[in-house]
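Please read the structure below before turning to the comments.
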Amino acid sequence: MTIAVILEQVPDVVEELAIAPSGNELDRDTVTYVLNEYDDHALEEALLLAEASGDEVIAVGIDTTGELDQALYTALAKGAKRAIKLVGDFEETWLSNRATAEILAPILRNLAPRLVLTGVQAPDDLDGQLAPTLAALLGWPHASVVIGTEFSDGRLRARKELWGGMTLLLELEPPAILGIQAARQAPRYVPVSRVRQVMREATIEEIEVELPTQPSVAVERLRLPEEASQAELLTGSAAEIAERMIELLRARGLL
Amino acid sequence: MDPSLEKVQEVWERETAIVEGVDISGPWNRMFGQRVIWDYTPELIEEIARLPGGESFAWCYQCGKCVPVCPVDVVGDYGPRKLYRRAQTGINLLDSPDLWLCTTCANCLRVCPKQVDMIQIMPAAREHAMLSGRVIPSELQEALENTAKYGNPLGQPARKREAWVKDAGVPVPILHQIQRPVEWLWWVECYPSYHPRGIDASIALARIFHALGLDFAILGREEKCAGDSQRLAGERGLFEMLAEENIRTLSKYEFQHIVVTDPHALNAFRKHYPKLGGQYDVWHYTTLLARELSRLQPLLVRPLPYRVTFHDPCYLGRHNGEYDAPRQLIQAIPGIEFVEMLRCRENSYCCGGGGGGMWLDSFAAGHQRRRLSEERVLEAVSTGADTLVVCCPYEVSRFEDAVKSTGNEGRLRVRDIAELLAEAMGMIGEATA
Amino acid sequence: MAQRIAVLVEHLDGEPTDVTYELLGVARRMADEDGAMVDAVLLGSEVRQLSERLPADRVTILDHPSLRYLAPEAAARALAALLADAPPKLTLVPNTSLGMDIAAWVAARLGWPLVSYCRALESRDGQWIATAQLFGGKILADVALGDEPAIIGALAGAFSQDAASPGPPGTIEQVPAPAELEQLRSRVIALERPEAADVDITRAEKIVAVGRGIESKDNLELAEQLAQALGAVLAASRPLVDAGWLPRSRQVGKSGLKVKPKLYVALGISGAPEHLEGMKDAELIIAINKDPKAPIFTVADYGAVADLFEVAEALLERLEG
């Protein structure tokens, strides 16, 4: 039995992101790609489930950036049994979650895993999130913002975070889809030498797919947030700042 | 008797031995090899000794000379002899927090009669722990992942590595812009490029190089971490990957020598890059400036009325043999009163940053009475010095934090040698304490 | 039939959540401009009494036991069926944990456009423009909504100035539950509540909140001292709670608690959107952070680009001395 994990490369928000002259997409030159951190958690949760259940983990991703290999090899080095890269004519196209789900749905139907995990969200989510979108297309039960999972009598239990510390404990009948907020433990470390070894020995399977003709949401323009109201800055030494703060608090009867 | 025990009971003795006129025949020159204590087996020792690089772990014969010079034992409970004893009594080093407390300062190796080499044992054991799936401290994991992703352990974008240059106040040529041969390729490293106090030292050094008319340039964003500390933390694969990339980048440019700010980078280039294909003539900046002292001296115009003590960095001193150059530079500054700490030169007391220690601070805090950097700062204060001078980029931030946490703010300032020199040259104002 | 702007009502324990009133308010603003009506869609189990507090032109109730907690599969299927029957021009769904599982599913099932992480809805030349925040709030995307039915995933707190007050609806209607709700493949086993917390930060008048800038667990003591000296309660952003430094009852943010104290001092908090959602409506916000570009400064009233330890110590000296 298998657990599929969907991995996606996304622009790294550590960098300063700039908008292309066209105005409705990012300036590719300023973008470096990293694995979506929630997908990293999804992979970790999948590996933990598989370690307990004996399932095999399959890492799947659509290569829109040309840089997906690293993430797939790392998944193999961490313990995934297979890595599948979906390739096609989408060099540097931004795929909406809807388009992504359209591409993934038939692949997942073929793979027939009993569980699909992916990150709860990604920084470039404009049209919702991947997990519920996939669930709608596949007709499988779903839950997102999941912080813990376990198999129990062939069924899947998932803990969904609400707010204020409250959670909803759900039971789902496989095949099911989960959007992971956080794995039960921090994503494990795999030494570079092991990844390099995997790169020499393992193969990533490639499947050709077509760009779907699904109309996406059309971005009219991207812009930087207006720094509308900025805080009034207190300057000087720490002592001076502290004095000012105490003045402010006294003036408002807060001290 | 259990046949496996035979091979471990070894006693060497020369019946007749007269050394330098002294008769030490017979039992006087007896040396014991590894001896097994009943009920304990050497398996855990052998597991380490079997690792490439771990062989010398088995040579320890418990003399204990290493423990008093181990900086971690001074604030905790540590030292190669203790690690060996613990393994002997059934505690697996690979599962113990002990695995992550060694800073690879090499003071133990300096005094060990059997040459038990923690500098090789620790990275080997740590690598084995990682490969066998053991969980590593999370702060370290983050630093390693950042290094792999961004080329620096701080998680800063590569592009920003050369950003400090615009505040230098003097031209700092960047090779990918100037595209011409230079005499000196200045390898800046990560903390001096990204950390505010590291940048202070870089700016000072840039101004000194400029004043000396040195023909230099930096790599800027193309430079990636030399990775020596990551290697010692167990990530040999990461080190090799970085070295391959750095060597490839360096091969694009023409230069005659490399000058480094960071003794850890010095160590990597001198000892580990050659076998990976990178052979360079590497200098630490203090060695270079000491060589240029006759030209530097007339520029040291502003006397500094400081009582100064110097911390020998482990990787410049013990590991790479440079003790004099920093002292020559400090003592060339007019007005300086120089005092040595008791634990100086070959016996210098580690700041705690090496061997991955820079990224194991919160982990180590759970196993030590106080930080190594705090211990060292207290020692500096006890000399009556008002300035602690360093020349390794890990040290400035570690010691400044320790000055605060030991309650010595205002009593001791921490300066890189470059900052001190630049101040004496009138090229930087007095930085805040 | 008049155009409708539908709002999915989010509720728990018989109470609509704050975001529901925000969305009903913004729906009202949009409906008034378009000459449309506001339709509050209430999915739940035995929720009729709740409808009395929903200020909409109409409340449409779909009642079924599986909808008691708005569980993902049940709620998504119910909403899709309801909307398919009579598509509103726009459907506003909260971009919360519950809402996220519903909006994207419904949009995919019905083939309708969806704009999530929406923080603004403005009219321009007779068209509605939805603004989504991407990349942790670093980039905004403006999307023009055309004539076909669309769904908006609206961020909680983004429309607080539009918020409506509880009040009775114009009419209440009930629609039958679709058959598919009898054939669900998932169910709620339990709603789990955290243990009674030592402190309820939502009731605190003054809060000192710490973030990753505090660097290590050891430094919490300083923050706790400062909180005490100010007569405030200590709270934290998500990373510190995830690391186990403070209990979840102290977490401020989208997945933690929303607070509106008189004073909120943010130490070493960068201000990720999820955190801002939890505290931006505090009366007086003072932020200390080493990074001048930290987003916390966009919601703070006063700020200092300084070392938080130095400022905290300076404050303590003056407050205790």
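Numbers for the structure displayed
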quantity	calculated
Any chance C:LEU140 is under 19 Å from A:GLN129 (Cβ atoms), in a strand (DSSP E or B) and either outside the structural domain of C:PRO55 (by TED's automatic domain parsing) or under 20 Å from the mean Cα position of the chain (by Cα) (or both)	yes
Set C:GLU148, C:GLU173: member being out of contact with any Ser or Thr (no Cβ under 8 Å at 6 or more places or on another chain) and more than 8 Å from chain A (Cβ to nearest Cβ)	C:GLU148
Residue selected from segment C:111-129 under the condition within 9 Å of chain A (Cβ to nearest Cβ) and among the aliphatic types (A, V, I, L, M), by the criterion surrounded by the fewest Cβ atoms within 10 Å (Cβ to Cβ)	C:ILE129
Within segment B:125-141, considering residues that are within 9 Å of chain A (Cβ to nearest Cβ) and part of a helix (DSSP H, G or I), the one surrounded by the fewest Cβ atoms within 10 Å (Cβ to Cβ)	B:SER138
Residues of segment A:39-65 that turn out to be part of a helix (DSSP H, G or I), more than 13 Å from A:THR2 (Cα to Cα) and not hydrophobic (A, V, I, L, M, F, W, C), as a count	5
When residues of segment B:231-254 are limited to those that are within 11 Å of chain A (Cβ to nearest Cβ) and among the small types (Gly, Ala, Ser), the one farthest from the chain's Cα centre (by Cα)	B:GLY237
Check on B:THR104, among the β-branched types (Val, Ile, Thr) and modelled with pLDDT under 95	no
Qualifying residue in segment A:173-185 (condition: within 14 Å of chain B (Cβ to nearest Cβ), within 22 Å of the chain's Cα centre (by Cα), in contact (Cβ under 8 Å) with a residue 24 or more places away in the chain and surrounded by fewer than 18 Cβ atoms within 10 Å (Cβ to Cβ))	yes
Count of segment C:148-199 residues which are among the hydroxyl-bearing types (Ser, Thr, Tyr) and within 30 Å of A:ALA218 (Cβ to Cβ)	1
Per-region count, segment A:139-172, residues at positive phi, in a loop (DSSP other than H, G, I, E, B) and touching a helix residue (DSSP H, G or I) at 6+ places or on another chain (Cβ under 7 Å)	1
Members of segment B:142-156 found to be of a type outside the set (Ser, Thr, Tyr), at the interface with another protein chain (Cβ under 9 Å from one of its Cβ atoms) and buried (at least 20 other Cβ atoms within 10 Å of the Cβ), listed by number	B:LEU144, B:ALA148
A:PRO175 touching a helix residue (DSSP H, G or I) at 6+ places or on another chain (Cβ under 7 Å) and on the phi < 0 side of the Ramachandran plot	no
Matching residues, segment C:74-98, being out of contact with any helix residue (DSSP H, G or I) (no Cβ under 8 Å at 6 or more places or on another chain) and either within 10 Å of chain A (Cβ to nearest Cβ) or part of a strand (DSSP E or B) (or both)	C:SER97
Matching residues, segment C:225-272, being crowded, with 24+ Cβ neighbours inside 10 Å, polar (S, T, N, Q) and more than 18 Å from C:ALA196 (Cα to Cα)	C:SER237
A:VAL190 in a loop (DSSP other than H, G, I, E, B), under 21 Å from the mean Cα position of the chain (by Cα) and surrounded by 19 or more Cβ atoms within 10 Å (Cβ to Cβ)	yes
Index of the failed condition, B:LEU51 passing every other in (1) assigned to a helix (DSSP H, G or I); (2) modelled with pLDDT of 95 or more	(1)
Candidates B:GLU162, B:GLU183 - the one that is away from every other protein chain (no Cβ under 14 Å) and part of a strand (DSSP E or B)	B:GLU183
Qualifying residue in segment C:275-297 (condition: modelled with pLDDT under 90, surrounded by fewer than 21 Cβ atoms within 10 Å (Cβ to Cβ) and hydrophobic (A, V, I, L, M, F, W, C))	no
Search result, residues across segment A:11-31 that are closer than 25 Å to A:ILE103 by Cα, under 16 Å from the mean Cα position of the chain (by Cα) and either in a loop (DSSP other than H, G, I, E, B) or away from chain B (no Cβ under 13 Å) (or both)	A:ASP12
Condition met for B:LEU266 (more than 30 Å from A:ALA77 (Cβ to Cβ), touching a residue at least 12 places away in the same chain (Cβ under 8 Å) and either in contact with a helix residue (DSSP H, G or I) (Cβ under 8 Å, 6 or more places away or on another chain) or in the same structural domain as B:THR103 (by TED's automatic domain parsing) (or both))	no
Residue check, B:ALA385 small (Gly, Ala, Ser), under 22 Å from B:TYR306 (Cβ atoms) and assigned to a helix (DSSP H, G or I)	no
Failed item, numbered, when B:ALA385 is tested on (1) surrounded by fewer than 24 Cβ atoms within 10 Å (Cβ to Cβ); (2) in contact with a helix residue (DSSP H, G or I) (Cβ under 7 Å, 6 or more places away or on another chain); (3) among the small types (Gly, Ala, Ser)	(2)
Qualifying residue in segment C:299-321 (condition: under 22 Å from the mean Cα position of the chain (by Cα), more than 7 Å from every other protein chain (Cβ to nearest Cβ) and in a helix (DSSP H, G or I))	no
For A:ASP39: the one exception among (1) touching a residue at least 60 places away in the same chain (Cβ under 8 Å); (2) within 11 Å of chain B (Cβ to nearest Cβ); (3) among the charged types (D, E, K, R)	(2)
Only one of B:GLU374, B:GLU409, B:GLU400 that is more than 30 Å from B:LEU288 (Cα to Cα), assigned to a helix (DSSP H, G or I), of a type outside the set (Gly, Ala, Ser) and within 13 Å of chain C (Cβ to nearest Cβ)	B:GLU374
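The values are calculated or read from the model by the stated rules, or taken from the named source; none is laboratory data. Just so you know, these numbers come straight off a predicted model, no measurement behind them. All Cβ positions, even for glycine, are placed from backbone atoms using ideal geometry, and neighbour counts span all protein chains on display.
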